[in-house]
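One structure coming up, written as structure tokens, with questions to follow.
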Amino acid sequence: MTDSSNPDLDPAAGRPQDTGSPSKEGGSLGSLHAAGIPRMGAEDGYQLVDEEDVPPLRASGIVCFILGLLSFWATVAWQMLILPIVAIIFGIIAMRKWGKVRPAGTTAAVLGLVLASAFGAAGIVIPTMKQRTLGKQAEYFAREFLEVVGDGEVELALELQKQARNRQLGTMDLKKAYANDKVASEQREDATEGMVSTIGALGPDIEWELAEPVRVFFKYGIEKADTYWIDPSNKESRKIQILLEWHPNETDKTGQWNVSLFQYHRELIVAPTVL
């Protein structure tokens, strides 16, 4: 005969009823999952961990760190400045506000932001300083070249159009050297019929002015500087282009400029679009 007064006994089987509530030993599996995540402790066996204590992963922080490392290329080519910009965007996304637990990946985001900022700043400062330094040198060299041409120093003007390793010795009499060398003599004759002779005929009194800022660029492994000059006295109405090349000397860490192009400015001719 069963005791109906005990509510915990199953009248049919005489066993305690399953009320759905967890027992003192841990309760049902569903209740465990509802309460938290089981974790193995050092001495106490399984412990329950609140899901809010598990840090979420922000992959944007990892991406920021990788792009921060790749931002080194921004110091090599200004086109690569896109890398630190994108890295900073991902870093800002990764560092957005979080709750009680700091998400995983935010430390990588901080490192990525530092790297991207440093390399990005270097990618801006280095070309700017190079533009300023080489630009000033190119302007000075081009102005000196125009003065040499205006003074009628044809031989010296021809030497300045050669790379330093191909020039005559500084102590040599250039007029005599060009007169005794057949190839050099032919070069001098060609120069008397070209720009050197045309600009030289204007005389040494022209105060040449830059028509636009010096453009420094890197092409085919050579630093170049493009300069354009005008005559404020209008003896020469056309704009003159002087393109220079910079060749560094690895021995003494210096370098030499030479004129690679000396001509009147020519507008770039672009073929019309074929419809």
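Within the stretch 208-240, track down each residue that is assigned to a strand (DSSP E or B) and open to solvent by less than 20 Å² (accessible area, probe 1.4 Å).
Within the stretch 208-240, ALA225, ASP226, THR227, TRP229, ILE240 qualify.
Here is a follow-up. Without any contact (Cβ under 8 Å) to a residue 60 or more places away in the chain and open to solvent by 40 Å² or more (accessible area, probe 1.4 Å): is that true of VAL110 in this structure?
When the stated conditions are applied, VAL110 passes them.
Follow-up question, since we're still on this one. Of all residues in the stretch 113-151, which are in contact (Cβ under 8 Å) with a residue 40 or more places away in the chain, within 30 Å of ALA177 (Cβ to Cβ) and either part of a helix (DSSP H, G or I) or open to solvent by less than 40 Å² (accessible area, probe 1.4 Å) (or both)?
If the condition is that a residue be in contact (Cβ under 8 Å) with a residue 40 or more places away in the chain, within 30 Å of ALA177 (Cβ to Cβ) and either part of a helix (DSSP H, G or I) or open to solvent by less than 40 Å² (accessible area, probe 1.4 Å) (or both), then GLN137, ALA138, GLU139, PHE141, ALA142, ARG143, PHE145, LEU146, GLU147, VAL149, GLY150 are the ones that fit.
Among the residues in the stretch 175-197, are any at pLDDT 80 or above and either among the basic types (Lys, Arg) or not in a loop (DSSP other than H, G, I, E, B) (or both)?
No, every residue in the stretch 175-197 fails to be at pLDDT 80 or above and either among the basic types (Lys, Arg) or not in a loop (DSSP other than H, G, I, E, B) (or both).
Testing PHE72 on (1) over 30 Å from VAL214 (Cα atoms); (2) open to solvent by 60 Å² or more (accessible area, probe 1.4 Å); (3) in contact with a helix residue (DSSP H, G or I) (Cβ under 9 Å, 6 or more places away or on another chain); (4) not small (Gly, Ala, Ser), one condition comes back false. Which one is that?
With (1) over 30 Å from VAL214 (Cα atoms); (2) open to solvent by 60 Å² or more (accessible area, probe 1.4 Å); (3) in contact with a helix residue (DSSP H, G or I) (Cβ under 9 Å, 6 or more places away or on another chain); (4) not small (Gly, Ala, Ser) applied to PHE72, the lone miss is (1).
The values are calculated or read from the model by the stated rules, or taken from the named source; none is laboratory data. All values derive from a computational prediction rather than experimental measurement. Methodologically, a virtual Cβ is constructed for each residue, glycine included, from the backbone with ideal geometry; neighbour enumeration extends over all protein chains shown. Side chains are part of the model used for accessible areas, which takes the heavy atoms of the whole protein and leaves out ligands, DNA and RNA. Shrake-Rupley method; radii C 1.70, N 1.55, O 1.52, S 1.80 Å.
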